[in-house]
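Peer 1: Below is the structure I would like to discuss, written out as structure tokens.
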6 protein chains.
Amino acid sequence: MKVKISRRATFNAAHRLHNKNWSEEKNKLFFGKCNNPHYHGHNYTLIVSVLGDINEDSGYVIDISYLKKIIEDKIIDYLDHKNLNLEVVEFQELNPTLENIIKVIYDKLRKELSNEFTLSIILYETENNFAEINETV
Amino acid sequence: MKVKISRRATFNAAHRLHNKNWSEEKNKLFFGKCNNPHYHGHNYTLIVSVLGDINEDSGYVIDISYLKKIIEDKIIDYLDHKNLNLEVVEFQELNPTLENIIKVIYDKLRKELSNEFTLSIILYETENNFAEINETV
Amino acid sequence: MKVKISRRATFNAAHRLHNKNWSEEKNKLFFGKCNNPHYHGHNYTLIVSVLGDINEDSGYVIDISYLKKIIEDKIIDYLDHKNLNLEVVEFQELNPTLENIIKVIYDKLRKELSNEFTLSIILYETENNFAEINETV
Amino acid sequence: MKVKISRRATFNAAHRLHNKNWSEEKNKLFFGKCNNPHYHGHNYTLIVSVLGDINEDSGYVIDISYLKKIIEDKIIDYLDHKNLNLEVVEFQELNPTLENIIKVIYDKLRKELSNEFTLSIILYETENNFAEINETV
Amino acid sequence: MKVKISRRATFNAAHRLHNKNWSEEKNKLFFGKCNNPHYHGHNYTLIVSVLGDINEDSGYVIDISYLKKIIEDKIIDYLDHKNLNLEVVEFQELNPTLENIIKVIYDKLRKELSNEFTLSIILYETENNFAEINETV
Amino acid sequence: MKVKISRRATFNAAHRLHNKNWSEEKNKLFFGKCNNPHYHGHNYTLIVSVLGDINEDSGYVIDISYLKKIIEDKIIDYLDHKNLNLEVVEFQELNPTLENIIKVIYDKLRKELSNEFTLSIILYETENNFAEINETV
């Protein structure tokens, strides 16, 4: 029986939705107020979940302080209090939609975690809008 | 890698649990205070999730304002501030349990969304009681 | 230094907003969808707070299990799974607005609690709409 | 007995903390990562509360749809998806700290509401940091 | 189409993380402040979910009051206000990590529920740390 | 116009309710399962609020990172992952009820904060039970 262990963290960032290959008009029409050239921002809430077997010695699937440290070092320090469009290298070409932000976070976390773990992550942009990537689906 | 996008919405409704084919006594015994003939009510919280591929141009799996509009037009406008037993056609014959309400919502949303999307929905009746339909299970 | 002790509880009820002295048209215009003659409903969340001195022996301002019991006996049992307009005597003449519901609750609780305590109560009708009565204001 | 009626709303905005009369060094030292020149952002949650007497006819202290409309027209439309430093006239000279943002919101709402009402507002910048202005204190 | 029905409950308990086969030094190094010999405690939140078919007569997958009763009788009464290490037989030899606690809860609930139901449970130790066991994964 | 600034923090602790001057029987009868000699525990959530004037230069009532540091140094480090009865000097003679815990926290914070600030604190023991000390009441 596998157990999934989850850790919640938060960060705050500014962004705008914008496709550099589209005209200003098309961007404004398609992304609406999210295209505001002066940026807007969010409190993002991130949940990182690791599915694996319980180690008989420690009683842990993963040491949650180790998971917490990876999230802080690789995601929170990298994105918190940042302008995603201007300051984060992945979004120089990529539009920082909720979908693309969670994909960037997933790719960074996947590299840090052993393949013995199945990874899933949830990212809330607001209390009403959120996204999930789940390796078991 | 597929991404799941979720949107939260709320509505308020009155209902009573009642099987028209059962006697009053059996209804009262089985459904308890939920069978009160004068109705009671809830703040329902609905989460609609759509799993699909990220469109490379828009950076979206689905335009969440479009998803929001479908939820408002097909579900919230249809159920909000209503008496489910008296005013909603599906519940003329069907007992409005949490299970049947989420099934009615699922059927309505399924018709509105392309089959390229995998759909899942969660419906909270109270903070302690909730239901889920998930096409991936 | 006085300490305020609070207890949270919930109940579910149906109601409609309606002033019996107004015409149907005026009621519908003024109260909108909340005037639906077939009723709608809510999950109400109630917070009851008692301000007083700490008893040196018990270390309590009030025994919170006693406060819990009063809330259950006098409010939850009285209002839960009820139709406020049809089944609660206070609302035979009084329109069950959020303001009038909290006033009815306050009057019932005030009788149960010693005057050495200052009472305040909060009542949530939804996550966005709530009311408060506070004897210290 | 007066009753306080509250309405919750949310908006998302970008900002940076910066005092134009201070050097870049002093700003950076004092405001830390909140001084990031490229901005960061938040989901702000606003609670507006109005204390007054219950009107005997309507059963309302204030029509909460009217209160909702004032909040949307004067605050949400004015601040949502905006860069507070660049796009909001009050913050051209005023540093958009949580304290100054709530003060600007208070001043705008105070003008819209009759003096028969006592006003209080709460503004959450994150789940851990929030501010309140309350005319009764 | 199967529907998943969920019920939330809470309990409070004390525990310490400790492997009896390790030295005091290794326990302290590995489990940190969670190894405190005088114990610490948590408010645990448990969500129990049952996936099955809707019964056509009742409109239920499972009677949620029956599910509530099982949770109260088998889990809450067994763990609430207890010291897990000293008072719960399963943790006499087993380290009460979040993973092992959820496994003990799962084993107890699995025995009570028919195999026609697929079971999944979530256990929150804090708002930031939680675990899940899901038979469908 | 004064502004109140609030900061939220959490800690986990074990305790039992017990009056050393009472017999075992009286303790058990009065405090019920909270008197369990093996202890139980909680996730406590603390909100510390400081009311004062906005400083014109900084735009702050108080630097919230300074407030956060005081809370961490004086309260969280002092109480987190502790057994309140066995390890905290104030509760050697004082029964660690919610009322007495919030009083101990208040006394420690009051010493750290200038008298130009009005202090109020809220302490949640569970989602249903909480306490407040407020200098303005």
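Peer 1: If residue A:62 passes every condition in (1) within 27 Å of residue E:18 (Cα to Cα); (2) without any contact (Cβ under 8 Å) to a residue 24 or more places away in the chain but one, which one does it miss?
Peer 2: (2)
Peer 1: Next question. Report whether or not residue F:132 is of a type in the set (Asp, Glu), touching a strand residue (DSSP E or B) at 6+ places or on another chain (Cβ under 8 Å), open to solvent by 30 Å² or more (accessible area, probe 1.4 Å) and at the interface with chain C (Cβ under 9 Å from one of its Cβ atoms).
Peer 2: Yes, satisfied.
Peer 1: Right, something else. Does residue B:31 count as more than 10 Å from chain C (Cβ to nearest Cβ), aromatic (Phe, Trp, Tyr) and within 24 Å of residue B:105 (Cα to Cα)?
Peer 2: yes
Peer 1: Further question: Does residue C:57 qualify as being out of contact with any Ser or Thr (no Cβ under 7 Å at 6 or more places or on another chain), free of Cβ contacts under 8 Å to residues at least 40 places away in the same chain, within 14 Å of chain B (Cβ to nearest Cβ) and open to solvent by 70 Å² or more (accessible area, probe 1.4 Å)?
Peer 2: Considered against the rule, which asks whether it is out of contact with any Ser or Thr (no Cβ under 7 Å at 6 or more places or on another chain), free of Cβ contacts under 8 Å to residues at least 40 places away in the same chain, within 14 Å of chain B (Cβ to nearest Cβ) and open to solvent by 70 Å² or more (accessible area, probe 1.4 Å), residue C:57 comes out as no.
Peer 1: Mind listing just one residue for me: the one in region F:1-22 that is charged (D, E, K, R) and more than 14 Å from the chain's Cα centre (by Cα) and, of those, farthest from the other protein chains (Cβ to nearest Cβ)?
Peer 2: Within region F:1-22, the match that is farthest from the other protein chains (Cβ to nearest Cβ) is F:20.
Peer 1: Filter region B:8-28 down to residues that are free of Cβ contacts under 8 Å to residues at least 24 places away in the same chain and in a loop (DSSP other than H, G, I, E, B) and give me whichever is nearest to residue B:66 (Cα to Cα).
Peer 2: So the residue we want is B:21.
Peer 1: For region A:90-99, state whether one or more residues are open to solvent by less than 40 Å² (accessible area, probe 1.4 Å), over 9 Å from the mean Cα position of the chain (by Cα), more than 7 Å from every other protein chain (Cβ to nearest Cβ) and over 20 Å from residue D:42 (Cβ atoms).
Peer 2: no
Peer 1: Looking at C:88, C:104, can you tell me which residue is without any contact (Cβ under 8 Å) to a residue 24 or more places away in the chain, within 23 Å of residue D:59 (Cβ to Cβ) and touching a strand residue (DSSP E or B) at 6+ places or on another chain (Cβ under 7 Å)?
Peer 2: Step by step, each of C:88, C:104 is checked, and only C:88 is without any contact (Cβ under 8 Å) to a residue 24 or more places away in the chain, within 23 Å of residue D:59 (Cβ to Cβ) and touching a strand residue (DSSP E or B) at 6+ places or on another chain (Cβ under 7 Å).
Peer 1: Tell me whether region C:128-137 contains one or more residues that are among the hydroxyl-bearing types (Ser, Thr, Tyr), within 21 Å of residue C:52 (Cβ to Cβ) and modelled with pLDDT under 95.
Peer 2: Yes, because at least one residue in region C:128-137 is among the hydroxyl-bearing types (Ser, Thr, Tyr), within 21 Å of residue C:52 (Cβ to Cβ) and modelled with pLDDT under 95.
Peer 1: How about region F:116-125: which of its residues are farther than 21 Å from residue C:136 by Cα and surrounded by fewer than 19 Cβ atoms within 10 Å (Cβ to Cβ)?
Peer 2: Hit for region F:116-125 is F:116, nothing else.
Peer 1: Which count do you get for residues in region B:62-89 that are within 9 Å of another protein chain (Cβ to nearest Cβ) and open to solvent by 30 Å² or more (accessible area, probe 1.4 Å)?
Peer 2: Residues that pass the stated criteria total 7.
Peer 1: Quick one: count up the residues across region F:2-28 that are among the β-branched types (Val, Ile, Thr) and crowded, with 21+ Cβ neighbours inside 10 Å. Walk me through how you get there before you give the answer.
Peer 2: Keep residues of region F:2-28 that are among the β-branched types (Val, Ile, Thr), which gives F:3, F:5, F:10.
Among the residues that remain, those that are also crowded, with 21+ Cβ neighbours inside 10 Å are: F:3, F:5.
Looking only at that region, the number is 2.
Peer 1: Something else: Kindly provide the set of residues from region A:1-35 that are of a type outside the set (A, V, I, L, M, F, W, C), out of contact with any helix residue (DSSP H, G or I) (no Cβ under 8 Å at 6 or more places or on another chain) and under 19 Å from residue D:81 (Cβ atoms), ordered by number.
Peer 2: Selection gives A:12, A:24, A:25, A:26, A:33.
The values are calculated or read from the model by the stated rules, or taken from the named source; none is laboratory data. What you see is a predicted model; the values in this text were computed from it and never measured. Note that we place each Cβ from the backbone using ideal geometry, even for glycine, and neighbour counts take in every protein chain shown. Areas reflect the complete protein model, heavy atoms only, side chains present, ligands, DNA and RNA absent. Shrake-Rupley method; radii C 1.70, N 1.55, O 1.52, S 1.80 Å.
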